[in-house]
Amino acid sequence: MSERERSGGFDLTRRSVLQTAGAAAVATSLGGCLSGGDDPAAESDIAEETAYGNCWMCHHACGQQLTVRDGTAVDITGVDEHPRGSAGPGTDGTLCPKGQSELEKLYDPDRITQPYIREDGDLREADWDEAFEYAARRLEEFDEEHGAETFLDATSWSTTNVHSYFWGNLYGTPERIGRGRHVCFGGPHLSGNLMGLGTNMRFVDYQHSDYIIAWGRNVFESFAGQWEPKGVLEALDDGATLVVVDPQHTPTAQKADHWLPIEPRTDGALALAMGHVIVEEELYDEAFVEEQTHGFDAYREAVDDKTPEWAEDVTGIDAGLIREIAIGFAEAAPAAGIAAWTGVGQYAESQKASQNIFALHGLVGNIDRPGGFRMWQGPPLQPNPFEERGIDLPTNAAEETPALRKYDEYDEYPFRHTTGIGHTVVPEMVDNGHIMGMVNHYDNPLTDGSTQAWLEAIEQMDLVITIDAYWNELTRNADIVFPEAIQLEKDTLIDYAPSWSAYEDRTWLTASRAVHEPMGECKSGYEIYRGLAEELGWGEYFPWEDEAEYSDDLLANVDYTFDEIADQNFVLLDEFEYEQWEDGGFPTATGKFQFDLDEEGGYAQSAEELGIDTAPEWIPPGTWGEEPDDEYPLHFYDTRSVFFSFGADQPLEHLQEQYARKHDLENTEYRGNYLVINPRDAEERGIETGDMVTVEARAGEADDEAMAYVSERTRPGFVTAEFGFGTGNSHEEGMNTMTVHDMQHDPVSSQVDRHLAAEVRKNGGD
């Protein structure tokens, strides 16, 4: 089968996947500066040069190549062979619509480009000297009155890591909400860590895989860089099998050999049934299980009665198909892998479901073997750049233990043993006086869950600081607003690890210089923290003049300087082998891959309080969280798309246009998110595509309305909407999916439960 046939007639190939008309749309929005074709400037004397960037719209850093003409960036494309933005050696670099939209964001007149401080109840503009002085004074007053331990660090994906030193070491707060652990994929994050897979448990060695299961993953629209969908396409070109487990018929499902439209929240049952077949048929890797794993007897017992026939009744998936996929996966192993992320990571039973799924890796022995689950390695950066300058960094926290482990008020939350804090509990902590202030950097908690409760909590806080590029409900309610330069306006070394990429056996780094002067008075994150530190009397801890100089100390263990990497955008570093566990074992309490988490003390405590097993087990939907009933008969879930990420680019008009065209609704004036509903459910409610609808849930009615999109791509009884719109967001048209959310979470991991029971009502009719 050809690539074009696989894609259902769409030109979705390794070289063209996810390319859009975005660059032309952006150029048009900048006054007709189009790339390619007849360009009058090409024959003029206008200076033109090439510069590099690294896209930070979804923080996965695909390489960007920019054309800068007479000081203005006019065109943007991908970087060939880039680790995140290509399929590897000899392949083209590309950008998704988000990456191509960064020129529009650069010149967007609606960005915040000036500091603001609150005076007499209102925000007003301030210069940087005044803003730093005001912020420093408020932070000192806060510490004196409440203690720094009541100040929450809600920083997300900053392009500089100095924020963790600033808030944790210098200011002294132990309270931090992490995006991965608490609001993105908490269950898989926790399970992966405790079982021995690490936090990078969602990526397969795609190019070498013979069998890929995208479990709750739409890798052609929601991915960790262009390398991921391109890697899947390369595998398909080489004859690999693709299975998609998803209630929606996504673009990834369109290319799959098997689409399993599973009953929502029954992923754990499907995984156990697959394990039953693999054990029963003796298809598991006996040597790996015996030598490298812990708790197999408990696992065997857990799957003993979980037959495909049992799972068919639970999941709605045919027993014969379950058996076929289990056997196909096991026989292809170790060149077989499961890619699981938010789809199995954002509901109340997600930790146990992901534990059941990840157990399949250990069962077939595909861990860190070609084509299986890869244990990626990061670059050998200096872990503490302060040591390079002989700086003894203090730990100023008056009370380092997170609040949920300090106070008896929270003994009803078992996750206090595993994650220490949770997004949905913050409003309660504010009511109790255990959190009284917050800094927020590149995130918006109002889209992450419990919107109304968070709005009320923010009003009660004595100090709220935001670092952002757009106005939203959080920035409007803050006491201090610092305008951060976007990625194209600052020097950036992408320094986080592990480094999953198209280079399955190489570590790598990518860096870029500022392509453009910051708009208005914007500063980089590093400059903001350095300026604030100097005002607080902590200047000695920030001896570096800028991010590039700081990066050079991070690179002390690498044979490159920041400038040398930025000159070429990326460099490949050390090679690393497969089967790394042969020498070092696994990073667990037992040193082995763990089916059973009985040796992990914090988890064992949580399990005991909840009355669940430490080994894989089936937790039925409704044990925690909500299940549909007669009053609220629909499963409601919010989703991600290729156009938007974290609320960072919803205000950009050309992305709104592309999003509308995808739904054939570009001729309407509406530019919010869409409520996707199956024709059967729509007919029962008198709903047609283009109607405005409201979602109702047990927590109440959504504050906003959305436009309906009737489609067979979602199964009956299941409705979805893209997150990041409506109340509280930088683009307020559409519906904030979390305004109908009321504190629901996974009690093991603290992950926000984004699955709700709901009803949908057509507006403006009978």
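The values are calculated or read from the model by the stated rules, or taken from the named source; none is laboratory data. It should be emphasised that the depicted structure is a prediction, and the values quoted were computed from it without experimental measurement. Methodologically, a virtual Cβ is constructed for each residue, glycine included, from the backbone with ideal geometry; neighbour enumeration extends over all protein chains shown.
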Across the stretch 491-504, the tally of residues that are under 20 Å from residue 103 (Cα atoms) and either assigned to a loop (DSSP other than H, G, I, E, B) or among the basic types (Lys, Arg) (or both) stands at 1
Any residue that is among the aromatic types (Phe, Trp, Tyr), under 30 Å from residue 571 (Cα atoms) and either touching a His at 6+ places or on another chain (Cβ under 7 Å) or surrounded by 23 or more Cβ atoms within 10 Å (Cβ to Cβ) (or both) - is there at least one of those in the stretch 430-445? yes
Counting only residues in the stretch 43-79 that are of a type in the set (D, E, K, R) and part of a strand (DSSP E or B), the one nearest to the chain's Cα centre (by Cα) is identified as 75
Conditions (1) surrounded by fewer than 20 Cβ atoms within 10 Å (Cβ to Cβ); (2) hydroxyl-bearing (Ser, Thr, Tyr); (3) not assigned by the TED database to the domain that holds residue 533 -> residue 342 fails only (1)
Kindly indicate the residue of the stretch 92-140 that is at pLDDT 95 or above and polar (S, T, N, Q) and also farthest from residue 464 (Cα to Cα) among those meeting that condition. 94
Please verify whether the stretch 181-196 includes one or more residues that are charged (D, E, K, R) and in the same structural domain as residue 370 (by the TED database). no
Matching residues, the stretch 662-681, being within 21 Å of residue 716 (Cα to Cα) and touching a residue at least 40 places away in the same chain (Cβ under 8 Å): 663, 673, 674, 675, 676, 677, 678, 681
Please tell me if residue 291 is closer than 20 Å to residue 196 by Cβ and part of a helix (DSSP H, G or I). yes
Restricting to the stretch 599-645, and then to whatever is of a type in the set (Val, Ile, Thr) and within 22 Å of residue 271 (Cβ to Cβ), can you tell me which residue is surrounded by the fewest Cβ atoms within 10 Å (Cβ to Cβ)? 623
Residue check for residue 431: touching a residue at least 60 places away in the same chain (Cβ under 8 Å) and not hydrophobic (A, V, I, L, M, F, W, C): no
By residue number, the members of the stretch 204-243 that are surrounded by fewer than 24 Cβ atoms within 10 Å (Cβ to Cβ) and either within 18 Å of residue 346 (Cβ to Cβ) or outside the structural domain of residue 359 (by the TED database) (or both) are 218, 221, 222, 224
The one condition residue 165 fails out of (1) in a loop (DSSP other than H, G, I, E, B); (2) surrounded by fewer than 24 Cβ atoms within 10 Å (Cβ to Cβ) is (1)
Pairs where the first residue, in the stretch 119-133, is over 16 Å from residue 522 (Cβ atoms) and the second is surrounded by 12 or more Cβ atoms within 10 Å (Cβ to Cβ) and of a type in the set (S, T, N, Q), C-beta under 9 Å, 6+ apart: 123/475
Criterion first (under 12 Å from residue 495 (Cβ atoms) and either modelled with pLDDT under 95 or not small (Gly, Ala, Ser) (or both)) does residue 550 satisfy it? yes
Filter the stretch 129-160 down to residues that are of a type outside the set (Lys, Arg) and surrounded by fewer than 17 Cβ atoms within 10 Å (Cβ to Cβ), then give me how many there are. 8
For the stretch 246-256, state whether one or more residues are surrounded by fewer than 19 Cβ atoms within 10 Å (Cβ to Cβ), within 30 Å of residue 89 (Cα to Cα) and at pLDDT 95 or above. yes
Any residue in the stretch 615-638 that's of a type in the set (Asp, Glu): show its pairings with residues that are not in a strand (DSSP E or B) at Cβ separation under 6 Å, as long as the two are six or more apart or on different chains. 617/302; 627/621; 638/723; 638/737; 638/754
Can you find, within the stretch 520-540, the residue that is surrounded by the fewest Cβ atoms within 10 Å (Cβ to Cβ) among those that are hydrophobic (A, V, I, L, M, F, W, C) and in contact with a strand residue (DSSP E or B) (Cβ under 9 Å, 6 or more places away or on another chain)? 522
One residue is enough: does the stretch 505-519 have a residue meeting the conditions in a loop (DSSP other than H, G, I, E, B), closer than 30 Å to residue 371 by Cβ and either touching a strand residue (DSSP E or B) at 6+ places or on another chain (Cβ under 6 Å) or not assigned by the TED database to the domain that holds residue 554 (or both)? yes
